[in-house]
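Laboratory data are not the source of any read-out in this text; all were calculated from the coordinates shown. Keep in mind that this is a model prediction, so the values were computed, not measured. FYI the Cβ positions are ideal-geometry reconstructions off the backbone, even for glycines, and counts take in every protein chain you see.
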Amino acid sequence: MKSVKVRVICGEFLQHFKDLSLFEILFLGTSASAPSAKRGLSAQIVKHNEYRFLVDCGEGTQRQILQSGTGFKNLTRILLTHGHLDHILGLGGLLSTFLRWEAIEELDIYGGRATLDRVHALVYDVVLRGNQPPMPLRFNQIKAGIIFEADDFTVTAFPVTHRGSDCFGYVFEGKSRRPFLPEKANALGVPFGPERRDLVAGKGIILPDGKRIEPDQVLGPVQKGVKLVVVGDTGKTEDLLEVSKDADALVIESTYLEEESEMARQFSHLTAKQAAELAVKAGVKKLILTHLSRRYRERDVIKEAQVVFANTSVARDFDTFQIKREE
């Protein structure tokens, strides 16, 4: 497993609390346009605690899910970057599997209007053909802004420039919080258990000896949550600069090398160098490249990017990255 930063969290208290600062991304398909012998088509799963989001669903994604060992549990939200077939065609097979074999409680598909129109036709005209979906199935047309919010994180959609309309990327971002300082709690005699949970929640407590402890006594300064930016296909980076700013990890395509930059411009894709230049300008911590063309060797892609931005990885199918906030 690769990680931006791996930190073991210890302590009797902390084990009772979820890790609010972690996102994990599993790459299921990393090839551009057509699969290769070693790379499937675009699909990634972003995980945070019990939440799981499938970002794009290229042909063969359901087999990649099974091959990865992650299974279908809690995979109830699909975020689509755009409606090109190499990013959505796997939805037909996935829905067919749900129809006959797997059981999930509900399914929400998010995307722009043009993307959802194409997916709706695929699902209802090709897969279901007059049958009802096996679960509540909702198509959620999105615009720029927050599209999902939980207690400790949000998912925000932002526009991306690619061929056609309604192309989006997604920001997964933990909410700001004040870290609990166990050494201060220990010094004040705060017992392990609900008292510490209340302090984390911002509530004062009274100890058995009558002493009152306020949250400010055991909480540190406000820290920003972890930020993961996922971009599908794009031909420009200027409009991604602000949304990518200070991201802990940026996942973005690198379909071409700089030697074919004119072709990249023609087809509205990026070179590895352009992706790396965005990472530098935006001040991201980690760059993860995906959507690789079969015409290039992986080592040439990473070499071109690392000359500009050293902390670059090229994702392979089934790679998992843990994304944490840098201290």
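Dividing the convex hull volume of the alpha-carbon atoms in the chain by its residue count gives 140 Å³ per residue. Projecting the Cα atoms of Gln266, Pro208, Pro182 onto the charge dipole of the range 124-267 (Cβ charges, centred on the Cα centre) puts Pro208 farthest toward the positive pole. Counted by neighbouring Cβ atoms within 10 Å, the residues Lys73, Lys281 run from fewest to most as Lys73, Lys281.
The GluC sites (Glu not before Pro) of the range 271-326 that meet both conditions, a loop assignment by DSSP and at most 13 other Cβ atoms within 10 Å of the site Cβ, are Glu326. Net charge dipole, the chain: roughly 360 debye, given to the nearest 20, about the Cα centre with Cβ charges of +1 for Lys and Arg and -1 for Asp and Glu.
Order of Ser176, Ser254, Ser313 from fewest to most other C-beta atoms within 10 Å? Mind showing how you got there, number by number?
Values: Ser176 9, Ser254 30, Ser313 19.
Sorted ascending by nearby Cβ count, the order is Ser176, Ser313, Ser254.
As a proxy for reagent exposure, ranking Glu214, Glu195, Glu242 by other Cβ atoms within 10 Å from fewest up yields Glu242, Glu214, Glu195. Dipole size of the range 20-142 about its Cα centre, with +1 on Lys/Arg Cβ and -1 on Asp/Glu Cβ: approximately 180 debye, rounded to the nearest 20. Over the range 67-214, the fraction of Cα-Cα pairs per 10 Å bin, rounded to whole percents and listed from the shortest bin up, is 9, 28, 22, 14, 14, 10, 2.
For the chain, the mean residue ellipticity at 222 nm estimated from helices alone is -6500 deg cm²/dmol, where every DSSP H run of n ≥ 4 contributes -39500 (n - 2.57) and the total is divided by all residues, rounded to the nearest 500.
Where the convex hull is taken over the Cα atoms of the range 176-326, what is its projected area averaged over directions, in nm²?
Working: hull surface 45.9 nm².
One quarter of the hull surface, i.e. the mean projection, equals 11.5 nm².
FRET efficiency for the pair Arg295 and Gln141, taken as 1/(1 + (r/R0)^6) with r the Cβ-Cβ distance and R0 = 35 Å, rounds to 0.50.
Seen through its C-alpha gyration tensor, with square-root eigenvalues sorted a ≥ b ≥ c, the range 99-152 comes out oblate because a/c lies at 1.5 or above while a/b is not bigger than b/c.
Along the range 212-226 the Karplus relation, 6.51 cos²θ - 1.76 cosθ + 1.60 evaluated at θ = phi - 60°, assigns HN-Hα couplings of 8, 10, 9, x, 4, 6, 10, 10, x, x, 4, 10, 5, x, 5 Hz to successive residues, with x for each Gly and Pro. Amide H to amide H, with H built 1.01 Å from N, Arg77 comes under 5 Å of Leu54, Asp108, counting only residues 5 or more places away or on other chains. Applying the Karplus relation 6.51 cos²θ - 1.76 cosθ + 1.60 with θ = phi - 60° to the range 176-184 yields 3J(HN,Hα) values of 4, 8, 9, x, 6, 10, x, 5, 6 Hz, where x marks Gly and Pro.
Which value, in debye to the nearest 20, gives the size of the charge dipole of the range 206-291 about its Cα centre, when Lys and Arg are +1 and Asp and Glu are -1 at the Cβ?
Working: 11 positive and 15 negative charges, 84 e Å.
Using Cβ point charges on Lys, Arg, Asp and Glu, the range 206-291 gives about 400 debye.
Run the reach check for Lys324 against lysines, Cα to Cα strictly under 16 Å, same-chain hits fewer than 8 apart removed. What comes back? Within reach: Lys2, Lys5, Lys18, Lys47, Lys175, Lys224, Lys227, Lys245, Lys285, Lys286.
Evaluated at q = 0.12 Å⁻¹, the base-10 log of the normalised Debye intensity for the range 216-272, with identical point scatterers placed on the Cα atoms, takes the values -0.41. Annotation: extensible slack from Ser96 through Ala187 equals 26.9 nm (criterion: 0.36 nm per residue apart, minus Cα-Cα distance). Amide hydrogen proximity for Leu89: with H placed 1.01 Å from N in the peptide plane, the residues at 5 or more positions away or on another chain lying under 5 Å are Glu59. Share of pairwise Cα-Cα distances greater than 20 Å in the range 44-135 is 29 percent (whole percent). Remark on Arg294: its backbone amide H falls under 5 Å from those of Ala32, a criterion applied only to residues 5 or more positions apart or on other chains, H modelled at 1.01 Å from N. Would you please state which residues of the range 294-327 a label at Val280 would reach in this model, taking the label point 7 Å out along Cα→Cβ and a backbone N cut-off of under 13 Å? Answer for this model: 304-311.
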